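Working notes, beginning with the structure itself.
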Amino acid sequence: MAKYYERLGKYIEYYFWYCDADKNGLCFWDGADHSGMDNQDRRLGHIHVMEYEGVDLNCYLVRELVAMSEIAKAVGRTDDSMRFTDKAEQLRKLINEVFWDEEDGFYYDRSEKTGKLNKIKSISGFLPLWVGAAPKDRAKRIIEEHLINPKEFWLKYPIASWSASEPDYYQDIKEKEATWMGATWIPTNYMVFRGLIDYGYTDIARELADKTFELVVSETELREFYNGETGAGQGLSPFWGWSS
């Protein structure tokens, strides 16, 4: 157990050592491909850019740090557990302080090179809800102004992975890609769903759950992702991963 614990710790340390060139406590993606949101190049660059501190990445790291705290506690490493908990809380504060844009009421990625926010609306901007980083007033804005806005993310089958207000938004696959330029994905729906519950938006969470379930059971095989406007399955078929 101790051997695996140490390895997990090194995995976490890698991000804060290697993916934080300006040492401000926030980590960057290598590029869109590294993030898993494969073709959100305008948000993160394609590959080997190593520039944009991702809202999504740093929210994932909060969850990783919380998990490491629990694992440390389980193996009797009380000091480590407290250290991981403290780091998770510090990261929550940084997410809220650095990525928030008051004018737009949205969380954006930040360029380490320019220090400026990359003001592109992606589903990643909702993930601070999932980790409890957003104060209630900001949660209200991001949900009411953006999430349930049919001109942005709340399509017939929400949640759009890329705001419909962005000029390069689209739904249908181009050249067999795994597209995050508007298509609806089950894992990100789940993350936002959990955030809605935590912030008390249970009616919206229930509607999202119902629409997501409708997507998944609408075809005989599970699909990798879905067209948010028509509900048609796209990508790999069958896909026995997160869609299940």
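Descriptive notes on the structure:
- Residues within region 191-238 that are farther than 24 Å from Tyr170 by Cβ, assigned to a helix (DSSP H, G or I) and not aromatic (Phe, Trp, Tyr), tallied: 14
- Hey, Asp30 open to solvent by less than 10 Å² (accessible area, probe 1.4 Å) and under 25 Å from Glu89 (Cα atoms) or not: no
- Considering residues of region 4-27 that are assigned to a loop (DSSP other than H, G, I, E, B) and open to solvent by less than 10 Å² (accessible area, probe 1.4 Å) only, the residue farthest from Val49 (Cα to Cα): Leu26
- Criterion (at pLDDT 95 or above, out of contact with any His (no Cβ under 8 Å at 6 or more places or on another chain), among the acidic types (Asp, Glu) and open to solvent by less than 50 Å² (accessible area, probe 1.4 Å)) met by exactly one of Asp168, Asp198, Asp210: Asp168
- Test for Glu64: is it surrounded by fewer than 20 Cβ atoms within 10 Å (Cβ to Cβ), over 17 Å from the mean Cα position of the chain (by Cα) and part of a helix (DSSP H, G or I): no
- Tallying residues that are open to solvent by 60 Å² or more (accessible area, probe 1.4 Å), of a type in the set (A, V, I, L, M, F, W, C) and over 16 Å from Gly115 (Cα atoms) within region 45-61 yields 1.
- Top-ranked residue of region 224-244 - restricted to ones that are open to solvent by less than 40 Å² (accessible area, probe 1.4 Å) and more than 23 Å from Leu147 (Cα to Cα), ranked as modelled with the highest pLDDT: Gly235
- Criterion: on the phi < 0 side of the Ramachandran plot, open to solvent by 50 Å² or more (accessible area, probe 1.4 Å), in a loop (DSSP other than H, G, I, E, B) and of a type outside the set (S, T, N, Q) - qualifying residue of Lys73, Lys87, Lys113: Lys113
- Any hit, region 131-141, residues being within 19 Å of the chain's Cα centre (by Cα), acidic (Asp, Glu), modelled with pLDDT of 95 or more and open to solvent by 10 Å² or more (accessible area, probe 1.4 Å): no
- Counted residues, region 100-121 - those being without any contact (Cβ under 8 Å) to a residue 60 or more places away in the chain and in contact with a Lys or Arg (Cβ under 8 Å, 6 or more places away or on another chain): 8
The values are calculated or read from the model by the stated rules, or taken from the named source; none is laboratory data. From a predicted model like this one, the values you see are computed outputs, not experimental measurements. Positions of Cβ are backbone-derived with ideal geometry, glycine not excepted, and every protein chain shown enters the neighbour counts. To get the accessible areas, we keep the full protein, side chains included, count just its heavy atoms, and leave off ligands, DNA and RNA. Shrake-Rupley method; radii C 1.70, N 1.55, O 1.52, S 1.80 Å.
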